[in-house]
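For reference, the structure is listed below as structure tokens.
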Amino acid sequence: MSSMDTESDEEAQRAHMATTALLARRTRLTRSLRDSPYDLVLYIERAVAHSELGYPDLAAGDAYRALLLTDEVRDEGFEYHEVAAEALRGHEERGILGEGGGEGVTALLEVASTRCYRILAISLLLCGCLKSAHEFCERGLEKAPGDEELTQAQEYIINLARRRLKTETVNPEDFPDQGLVRREVYPWNDYEPDRYSEETLEFLNAELAKVAPKCVALVTELPTLGDALVTGIDTDFTMPTNKQLGLFAKEDIGPMETVLHEISALTVNNSQVYPLCDACSTELPDVGSEEQCVPCEECVETVYCSQDCHDFAMETYHPAVCDREVDGIAKNTHQRETANMLHLLLLGRALAMSATQDIHPLELKEVKYIWGDFLPTSSNAVPYSPQAGPPPVWTLPFSFRANITGPLDMLEKMEIDVFAELDKYDLWIFNTLYSKFRGTASARVNKLDGRPEVAAVHPLWCLANHDCDPNVQWEWGMRMKLWARGERIDGRSPGVAKGEEIMNHYCDIELPVQERREWAKGSLGGYCMCDRCRKEAKKEEEVAANGVDMAAMVSMVNGMSMVHEISKAHEMAANEQPNGVPEVNGIRQIT
Ligand SMILES: [Zn+2]
Ligand SMILES: [Zn+2]
Ligand SMILES: [Zn+2]
């Protein structure tokens, strides 16, 4: 072994030991917070641990909670004033991270808020939320003029914004604020089930028996998705595969026969023009029609399309949000925030379900078993050594509003004590829910303005894997419906034979291979590697290999007929219900 190897081995070992020690510290602090939930110093200390572990988003979340608690200490009229002040007095001697000890509570408060602003500014900067990071610099500098760390952070943020916006004159109002953070099963997350265990399959199959009696969930091998836009791979070349769950026919299913019919409480809408059913987001029956709307008895503005939806809502989520205007937090929003806010509404719905059913958010059956497109913690980790390669690309969309303030505001409206119930409402739990929603949610757009308006997670429907040569079609009205296609892509006989896998489609299958792969990338988590994509990509590659002139010739000869083909495809797509599923920000979308 060369000395280089020994050195890097030692380095790796040191890094591993440091991480283990930090994780233990994080666990200790989380436990202390359970006993003393209004102690802002514990939050600041945990923020530092999160930051050293390479989770700037979680550090920002803790610093923000600490900052809220500084307000509680300052204002006698606030709900948690007494308990928060009492907890802070416990640190008078020691101070906060070695600062401000023995100088009294007022001095300690100053130290605390400056610390919070610094952590928020730097952590949000690391997440890519420049606008929010800049705001915390400004607010911090107002309280602590000339603070060196905040001044430096501010300069850095402005420079970065200049680079990202490619202009010298920048306005903080226009700074980018959409960031990315680690998408993983956190090392301390004990809720994530083994999705391939007997127990999981037994549970899912009992659920499937109710909505898809001819189907069974099984563990299957799927081709590993491409992370670059690789073209075709020779058919005799062994494809790398990975384990996934899949849906299989346990009996023959005839063409056009219904395969699955699923209703999900995780269905939300941001419609402000006309009200939709609060439970299933379908259009409400017209006034005077035979079917009647059913309002909630307590808050008349919440309306259901039917008694069934009303009863379903009362059982699953509505009591926690009744007459509390929780959804309003995510409804009035700027257009470019629409997708984020639909995800926030989904998160709010999950939190309401958790409160109504008294189940931990990650234990909800609609959430627990779904795929989160998580990356291994090791590939998300920030390398310690300055000689190491570039930092990893994180994949979970993150914003200060959608991930930190939005969920806390919703919980506050639900009259939930976010401090006392940290074990249910910690930021890593919101992030885990978001990871699952981002991988599996579908969206429906408004027919008039084309904006995504309804979003839902159908935990059983999303068990069916994607293939660009699908054997089923889907439609989403009041419920999500899957049925066997009446026609196959290449004219093979339709229907699904016993034992065959149900293959759904997450993108418009009429598109050419490159476009299909781009469309489906968000919901698949990589480029599609189905048989059809590989074959078609290989064909394109061969055409390309024959030279540019050849390709030009082919396209010239085909010119006329291609125009014809394309318009025919568009026509078919328009008639087929539903046609494709263009994808916006990771939401599968039906038009
Ligand atoms: Zn309904
Ligand atoms: Zn109500
Ligand atoms: Zn494909």
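What follows draws every value from the coordinates through simple rules; no lab data is involved. Remember, it's a predicted structure, so these values are computed and weren't measured experimentally. No Cβ is skipped: glycine too gets one built from the backbone with ideal geometry, and neighbour counts run over all protein chains shown.
Data for the structure
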quantity: Lys/Arg +1, Asp/Glu -1 at C-beta; the chain dipole; positive extreme among Leu351, Leu362, Gly102; calculated: Leu362
quantity: Whole-angstrom Cα spans of the chain along principal axes, big to small; calculated: 82, 74, 53
quantity: Prolate/oblate/rounded label for segment 79-127 (Cα gyration tensor, a/c 1.5); calculated: oblate
quantity: Calculated FRET efficiency for the pair Glu518/Tyr191, C-beta based, R₀ 30 Å, to 0.05; calculated: 0.35
quantity: Degrees, to the nearest 10: 338-357 long Cα axis against longest axis of the chain; calculated: 80
quantity: Dipole in debye (nearest 20) - segment 1-135, about Cα centre, beta carbon charges: Lys, Arg +1; Asp, Glu -1; calculated: 220
quantity: Relative contact order computed over segment 305-427 (Cα-Cα under 8 Å; 6+ residues apart), in percent; calculated: 30
quantity: More than 20 Å apart - percent of Cα-Cα pairs taken over segment 312-370; calculated: 29
quantity: Mean separation of Cα contacts under 8 Å, 6 or more apart, over the residue count of the chain: relative contact order %; calculated: 15
quantity: Within segment 151-220, GluC sites (Glu not before Pro) in DSSP loop having at most 10 other beta-carbon neighbours inside 10 Å; calculated: Glu168
quantity: Asp35-Arg163 pseudo-label distance in nm [points 7 Å out on the Cα-to-Cβ vector]; calculated: 4.5
quantity: Prolate/oblate/rounded label for segment 77-202 (Cα gyration tensor, a/c 1.5); calculated: oblate
quantity: Shape metrics for segment 229-374, restricted to C-alpha atoms - Rg then Dmax, Å; calculated: 20.0, 64
quantity: Helix axis angle, 198-211 relative to the chain longest principal axis, alpha carbon, degrees; calculated: 60
quantity: Proximal lysines to Lys447, defined as alpha-carbon separation beneath 22 angstrom and excluding residues fewer than eight positions away on the same chain; calculated: Lys331, Lys481
quantity: 222 nm mean residue ellipticity, helices alone, for the chain (DSSP H n ≥ 4; -39,500 (n - 2.57); rounded to 500); calculated: -14500 deg cm²/dmol
quantity: Angle in degrees between helix 56-74 and the longest Cα principal axis of the chain, rounded to the nearest 10; calculated: 40
quantity: Fewest-first ranking of Thr27, Thr282, using other Cβ atoms within 10 Å as the exposure measure; calculated: Thr27, Thr282
quantity: Within segment 404-475, trypsin sites (Lys or Arg not before Pro) in DSSP loop having at most 13 other beta-carbon neighbours inside 10 Å; calculated: Lys447
quantity: Globularity ratio of segment 466-519, using Cα Rg and 2.2 N^0.38 Å; calculated: 1.18
quantity: Kirkwood estimate for segment 6-131, i.e. one over the average of 1/r between Cα atoms, Å; calculated: 15.3
quantity: Cα-projected label distance for Asp490 with Arg451, points at 7 Å along beta-carbon direction, nm; calculated: 4.4
quantity: Sites Glu337 and Ile359 - FRET efficiency at Förster radius 30 Å, r taken between beta-carbons, to 0.05; calculated: 0.55
quantity: Net charge dipole size for segment 311-443 [Lys, Arg +1 and Asp, Glu -1 on Cβ; Debye, nearest 20]; calculated: 620
quantity: Gyration tensor (alpha-carbon) shape descriptor, segment 1-56, a/c threshold 1.5; calculated: prolate
quantity: Amide H within-cut-off set for Phe398, under 5 Å, with H built and near neighbours excluded; calculated: Gly179, Leu180, Val181
quantity: Unit charges at the beta carbon, dipole of the chain: most positive-side option, Leu180, Val211, Asn340; calculated: Leu180
quantity: Using a Förster distance of 35 Å, the FRET efficiency for Ala18-Ala107 (Cβ separation, nearest 0.05); calculated: 0.60
quantity: Alpha-carbon centroids, segment 1-59 and segment 406-478: separation in whole Å; calculated: 31
quantity: Sparse-neighbour loop sites [trypsin sites (Lys or Arg not before Pro); segment 69-165; at most 16 other C-beta within 10 Å; DSSP]; calculated: Arg94
